[in-house]
Structures are given as C-alpha cells and as structure tokens.
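Contents: one structure, followed by commentary.
The values are calculated or read from the model by the stated rules, or taken from the named source; none is laboratory data. In this text, all values refer to a predicted model and were calculated from it rather than measured experimentally. Every residue, glycine as well, gets a Cβ built from its backbone with ideal geometry; the counts of neighbours run over all protein chains shown.
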C-alpha cells in the first residue's frame, strides 16, 4: 500500500530523499566512483557520498523534534476559540492575551495561528 499525496508521511522531503537515494545508487552501484557520480549527477560529492553509503533513503529524512511546551500553551484554547469566532489578527489577539495576563511575545501568538 503506497502513501497518498495527502498522507502526512508522504512529504516533499521524503519523496526527494527517495528519488535522490535511487538516483545515486543507480549510478554508484555500477562501480562508478563518488566523484564521477557527483559530476554526472551535478551534485556535491558529499551529498553523493552520504546517499551512496546509506542503507536506506530514510536515513536522510530529517526527524522533527518533539514540540516543546511554551508559556502560550494555557491560552491556546482561547486563541482557537477567538479564531473560530472570526478574529484573525495576530496583533489584536496578542493584545487581548496581554490583558489576560499572558506575557509572551507577539511572534509566539503569530506562530500559534499558522496552523489555524
């Protein structure tokens, strides 16, 4: 079963890593040197070297870090509620949070609204 384009597992970075891994191995598995393969593929030799030495393409997909808690966390439900009510201005939402006692930076509020 292959992943669909909307599947979060199938991201552009993962598709790129799969293609690059297959391309590099198609050239280097024939006995070509890393430098020769890099020249042919138009890639840095370090990139070709990393992919050629990898056992699987998954070795080259960045792992996302777990989300760290922030001072804004207690206010996320409030932000979502305000967003759902039609308030989409980060600056105004930040000012309202300041009035409620939240002392975070405007940028935190702005970034919290991105997924919404």
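Before moving on, here are some points about what is shown:
- Among helices (runs of 4 or more DSSP H) entirely within region 7-116, having at least 1 residues that are in contact (Cβ under 8 Å) with a residue 40 or more places away in the chain singles out 12-28, 106-113.
- In the set (1) within 30 Å of residue 97 (Cβ to Cβ); (2) loosely packed, with under 12 Cβ neighbours inside 10 Å, residue 42 fails one condition alone, (1).
- Failed criterion for residue 65 (all others in (1) modelled with pLDDT under 90; (2) touching a helix residue (DSSP H, G or I) at 6+ places or on another chain (Cβ under 7 Å) hold): (2)
- Considering residues of region 90-104 that are surrounded by 14 or more Cβ atoms within 10 Å (Cβ to Cβ) and under 27 Å from the mean Cα position of the chain (by Cα) only, the residue farthest from residue 116 (Cα to Cα): 104
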